[in-house]
Structure formats: structure tokens, C-alpha cells
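In what follows, a structure is listed as C-alpha cells, so that the remarks can point back to it.
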Amino acid sequence: MPACCSCSDVFQYETTKVTRIQSMNYGTIKWFFHVIVFSYVSFALVSDKLYQRKEPVISSVHTKVKGIAEVKEEIVENGVKKLVHSVFDTADYTFPLQGNSFFVMTNFLKTEGQQQRLCPEYPTRRTLCSSDRGCKKGWMDPQSKGIQTGRCVVYEGNRKTCEVSAWCPIEAVGEAPRPALLNSAENFTVLIKNNIDFPGHNYTTRNILPGLNITCTFHKTQNPQCPIFRLGDIFRETGDHFSDVAIQGGIMGIEIYWDCNLDRWFHHCRPKYSFRRLDDKTTNVSLYPGYNFRYAKYYKENNVEKRTLIKVFGIRFDILVFGTTLKYVSFVDESHIRMVNQKLLGRSLQDVKGQEVPRPAVDFTDLSKLPLALHDPPPIPGQPGEMQLLREEVTPRSRDSPVWCQCGSCLPSQLPKSHRCLEELCCRKKPGACITTSELFRKLVLSRHVLQFLLLYQEPLLALDVDSTNSRLRHCAYRCYATWRFGSQDMADFAILPSCCRWRIRKEFPKSEGQYSGFKSPY
Ligand code: GDP
Ligand code: ZN
Ligand code: ZN
């Protein structure tokens, strides 16, 4: 600013002047870009199914639970409390479940000797009555255990409830016993057999190999290949206590991740086991915590059909099988996408050959689904930086640019040495202009306008504070790039960004402090 400041400078107002040019060429180019931005955004929105992933493996699971528990039950017989000891074996505590799941009972509440007749409902705020007027003949609601007869009868002492036609006596509303009756189930073991098949590779394997010692117990570091798991150990791995979960029940995920290198002539393929608590352990009493269901054992006594109703609490184990993570790479100077499914072992991703897969076609018919006119302000002709398509001249190589870089704009990875090769990837296979210098990159990936629109489209009430804004925009920009260059969302989730694009996006939406974490495999 000049040092001299006259009064007239203060009373000035500045505005930009918009020039409208009647030009066939500029007009056509402008609309060309608008159509591309529309179709891209609508394509990105319509094809957005981030959480739906294709599983590259076909798997079958078989489980066998073993163990014996001694159960001390308190029962009331003719008004006298008695302690009954019984032994529970596999047939008593496991129930068949569908899919890759098994169930182990850890606790229960029994209602014995039920038969079909008339009896009063269990007293709750909903069922208490003082006279027949409080009950309604034929009435049943989803929470009641039977059909009302219209009479109000004595349940116990001076408490009266509506009479129902039902399995009587009605199950009492009670708390699950503490400690859990089958607390010792933590010593049970489960053997998991898992066979897998990678369809594209004609390769089948299983987790139990001939030489395996079948009397082992899984241990994360000392015995990570043993397929026999002690239930208590599984909970210890997730930081839970078996005896706490056993009271109300819960759901535990056992993840089997097959880390395979299928590209080499000898297939190296071993499972990795991990555990994840799947039910919400923070839910309070009113939100039905844990995992339970009811189960009945039927029998005949003096020719009368009777049943024992059991409210069963226990742990459902869900086994989830994943295969090797595929990675997808796209070079701007190649029409196909490359699929890499091997470990990089120190080689730059740039130099790995991979398998060629066709690029999915963009579906332009989705365009009509987007009602909004979304576009950047019209370009100002003559202003530099506008309307340039990918220039075919090579950008001068920056001094930091690594040897594997073909575009001159890549930077060395910041990741630890073992993960670095994953980020050693350029936008091109052969030397040439960088994709980050293209107009489309600016419009589709770097435009704050488009990114904010996409974020708000997903979460209309999104309030972004300064700190989270950049990281949301940056992550959205990564996804925009991946969706643009890889088309299908299945591939985009596993697409690796070239270094130049990654750093160009980070430059636009930087992190104020700390290191960038980089690509995280969804497994
Ligand atoms: P952060 O913001 O500090 O965590 O670090 P980044 O800016 O590297 O962003 C990390 C997020 O972006 C994670 O969710 C990553 O999975 C995702 N991400 C980073 N790099 C890639 C990539 O190359 N491909 C894909 N598909 N996602 C990536
Ligand atoms: Zn490069
Ligand atoms: Zn580049």
C-alpha cells in the first residue's frame, strides 16, 4: 500500500465487473463443463453406497462348542425354597442358529408347569385393576400374555389383575439372576472350521490344516493359528468381562481375515482372528440391553399338555469372514483400471503390475434425478487458469519429486517405512502432464462449492466448525476423486489416490496439526 493516503481514497467502493460475451465457443465450453459437473455429482450421489461392499471370498463356517457347566438353581416347591444342582452339557446350552452364528446360553428364568386355562395376569401398571370395569372381554394387546375374560380377579393378597385365557401361571416379570447361572461357560471352548474360496482365482483353502495340533487353545501371540477359542478369552480380548456380559447376554463378532497373496505361483494364505463386541453395551435398562429370547419345552402330564417356559439369556457369536483387501489403481494415461491383490513387500505401488479390469461406464441417465442446478459462477473469459484442458506439456519436475513420479507433482510419503510403498503412486504410468493441473480436477475434486453441496446433501443439518470443516472437505474430496476415476463405489472404497492428487487436496484443505493418517484399509 502506498504511504500517502488521501481522503478521496477512503470514499471509494470497489466491485468486479462482469462481462457477458456472446460467443459460440465459450458458451459451448461453459455448458460442456456444467453438464459434466451435473452428471458427475448425480452419479456420485446415486451410486453412493459406501457401506455396501462386495465380498471377494466365498466361505463356509462350522462350529462346535464344548464344555460342561454345573448350575445351582433355586426353585420353589410347595412354598419351600430348594437349591437344585444340575449339570448342563452342549445340548442344554447351545441352540441352532441360522447363518454363521452360534449361541451359548449363560443365564435363564424358568416358568414351570404352564398349561392352558384361565388365570390372573402378572401384576404390572398395565394389568392392575380394581373391578371388572377395568378389564375388557376379548381384549388382547401385543404385550399381554393372553386374552382377557372381562373379569378382575385376585392375583395375590389385595392385588387384583385382569383375568386372561393363557398359558398359566403367567411368567413373572423378573430380573436375570446375578451372578449368571452358567457363569462357568467362560471355560467353554468353540472349534471353528472355515473353508474359503476365492472365485476369480480358483483357489480353495481352510483354517484347519492337517498338521495342526487340535488340543490347542487360541492365544493372540502364543497360538494365533489355533482354531479353538475359550469363550472367556474372547471377551478378555475386547476388554469385557465374561461374567458381566453373561447376566443379560450379548453379541460378539469373531472376525476371520484371510491375508492372501494370490498373485504368486505358491499361494500363501493364513487366517487372522480378531474379536469385536457387536451389541451396544451402554444401553440402559429401558432399552432392552443384552440378548435374550424365550423358548419352551413341551410335555404331557396326566394327559394334559404342559410346558416349561424359559427366558434364555446368552451370547450370540457371529462369525464374519473377510478376504484379502484388493486395491485399485487408475492411471490417467491408461483406459483400464488395475487391480492389485498382493502385498507390496517394499515395492512402490507405481511399479506393481496387477490385473487389468475395465473401467465401469458412467450412467448418464441418472442426470435427470438431480433437481438442483449446481455450478460454479460462470468463468470470466480471458482470466488465466480457466478453461484449460489437460495440457500435454510436462510440468517441470519439482526438486522433491521422487523417482517413481511421472508427472513431476508427487511428493514422498510421510507414512512409516512399512506402509510407504502404498503411497508411492503417480497419476500417470508414462511421463506427462499431471491430472491435478486439469480443469476437471479443479471442478470435481477441489471445488469447495461442490464438496459443501455433497456434504450437505448427505447431512442437511450439518453444522461445520472451522476445525472439522477442512477434514470433512478433504475426505469428501478424496471420495470425489475416487468416484470420478473409478466409477463404481465398490472400487472407490479400495482405490489408492496418486500422491500428486492426495497432496494437492491436502494443500487445499490442510490439517492444522499432526500427521495425515492416509489410506486405512476398511478391514
Ligand atoms: P486424516 O484426515 O488425518 O485422518 O488423514 P487423511 O487426510 O489421510 O484422511 C484419512 C481418510 O481418508 C481415511 O478415512 C482414509 O481411508 C481416507 N483415504 C486416505 N487416502 C486414501 C486413498 O488413497 N484411498 C481411499 N479410498 N481413501 C483414502
Ligand atoms: Zn507424479
Ligand atoms: Zn500427477
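The values are calculated or read from the model by the stated rules, or taken from the named source; none is laboratory data. In this text the structure is predicted, and so the values were computed from the model without any measurement. Don't worry about glycine lacking a Cβ; one is built from the backbone with ideal geometry, like all the others, and counts go over all protein chains shown.
Structural remarks
- Just one of the listed residues (Asn207, Asn183) is on the phi < 0 side of the Ramachandran plot, in contact with a helix residue (DSSP H, G or I) (Cβ under 6 Å, 6 or more places away or on another chain) and surrounded by 13 or more Cβ atoms within 10 Å (Cβ to Cβ), namely Asn183.
- Lys81 closer than 18 Å to Leu182 by Cα, of a type in the set (Lys, Arg) and not in a loop (DSSP other than H, G, I, E, B): no
- Listed by first and then second residue, the pairs linking a residue in region 295-314 that is acidic (Asp, Glu) to a residue that is part of a strand (DSSP E or B), with Cβ atoms under 9 Å apart and 6 or more places separating them unless they lie on different chains, are Glu301/Gly113; Glu301/Gln115; Glu305/Gln115; Glu305/Gln116; Glu305/Tyr298; Glu305/Tyr299.
- Matching residues in region 209-222 - criterion: being out of contact with any Phe, Trp or Tyr (no Cβ under 6 Å at 6 or more places or on another chain) and at pLDDT 90 or above: Cys216, Thr217, His219, Lys220, Thr221, Gln222
- When Ser512, Ser409, Ser413, Ser517 are checked against the criterion of being more than 14 Å from ligand 1 (Cβ to nearest atom) and part of a loop (DSSP other than H, G, I, E, B), a single residue qualifies: Ser409.
- Set Leu83, Leu118, Leu128, Leu109: member being touching a residue at least 60 places away in the same chain (Cβ under 8 Å) and among the hydrophobic types (A, V, I, L, M, F, W, C): Leu109
- Taken as a whole, the structure leaves Ala185 outside the set of residues that are among the aliphatic types (A, V, I, L, M) and either assigned to a loop (DSSP other than H, G, I, E, B) or over 28 Å from Val71 (Cβ atoms) (or both).
- For region 321-363, filtered to residues that are aromatic (Phe, Trp, Tyr) and touching a Phe, Trp or Tyr at 6+ places or on another chain (Cβ under 8 Å), the residue that is modelled with the highest pLDDT is Tyr328.
- The residues of region 444-471 that are part of a loop (DSSP other than H, G, I, E, B) and either among the acidic types (Asp, Glu) or within 30 Å of Ile29 (Cβ to Cβ) (or both), listed by number, are Ser447, Glu459, Asp465.
- Contact map, region 53-71: first residue over 19 Å from Asp318 (Cβ atoms) and at pLDDT 90 or above, second residue part of a strand (DSSP E or B) and polar (S, T, N, Q), Cβ cut-off under 7 Å, separation 6 or more or different chains; pairs are Lys66/Thr189; Gly67/Thr189; Val71/Ser86.
- Taking every residue in region 413-436 that is touching a residue at least 12 places away in the same chain (Cβ under 8 Å) and farther than 13 Å from Gln350 by Cα and pairing it with any residue that is of a type in the set (Lys, Arg) and within 10 Å of ligand 2 (Cβ to nearest atom), at least 6 positions away or on another chain, the pairs with Cβ-Cβ distances below 8 Å are Cys434/Arg428; Ile435/Arg428.
- Qualifying residue in region 444-462 (condition: over 26 Å from the mean Cα position of the chain (by Cα) and within 16 Å of ligand 3 (Cβ to nearest atom)): yes
- Residue among Arg506, Arg474 that alone is surrounded by fewer than 21 Cβ atoms within 10 Å (Cβ to Cβ), within 16 Å of ligand 3 (Cβ to nearest atom), assigned to a helix (DSSP H, G or I) and at pLDDT 90 or above: Arg506
- Where Ile75 falls short, out of the listed (1) modelled with pLDDT under 85; (2) of a type outside the set (Lys, Arg); (3) surrounded by 13 or more Cβ atoms within 10 Å (Cβ to Cβ): (3)
- Any hit, region 280-287, residues being at pLDDT 90 or above and not acidic (Asp, Glu): no
- Residue check: Leu497 meets all listed conditions (1) within 16 Å of ligand 3 (Cβ to nearest atom); (2) in a helix (DSSP H, G or I); (3) surrounded by 16 or more Cβ atoms within 10 Å (Cβ to Cβ) but one, namely (2).
- Selected residue [closer than 23 Å to Phe519 by Cα, buried (at least 19 other Cβ atoms within 10 Å of the Cβ) and within 16 Å of ligand 3 (Cβ to nearest atom)] from Ala482, Ala433: Ala482
- Test result for Arg474, near ligand 1 (Cβ under 8 Å from one of its atoms) and within 22 Å of Phe38 (Cα to Cα): yes
- Qualifying residue in region 486-497 (condition: charged (D, E, K, R), without any contact (Cβ under 8 Å) to a residue 40 or more places away in the chain and on the phi < 0 side of the Ramachandran plot): no
- Filter result (near ligand 2 (Cβ under 10 Å from one of its atoms), at pLDDT below 90 and buried (at least 18 other Cβ atoms within 10 Å of the Cβ)) within region 390-427: Ser401
- Of the residues making up region 263-277, just one is over 21 Å from Leu191 (Cβ atoms) and at pLDDT 85 or above, namely Arg277.
- Between Asp9, Asp48, Asp92, the distinction of being at pLDDT 75 or above and either part of a helix (DSSP H, G or I) or under 46 Å from the mean Cα position of the chain (by Cα) (or both) belongs to Asp92 only.
- When residues of region 418-443 are limited to those that are hydrophobic (A, V, I, L, M, F, W, C) and outside any helix (DSSP H, G or I), the one nearest to Lys353 (Cα to Cα): Leu425
- In region 241-262, the residues that are modelled with pLDDT of 90 or more and either within 21 Å of the chain's Cα centre (by Cα) or part of a strand (DSSP E or B) (or both): Gly250, Ile251, Met252, Gly253, Ile254, Glu255, Ile256
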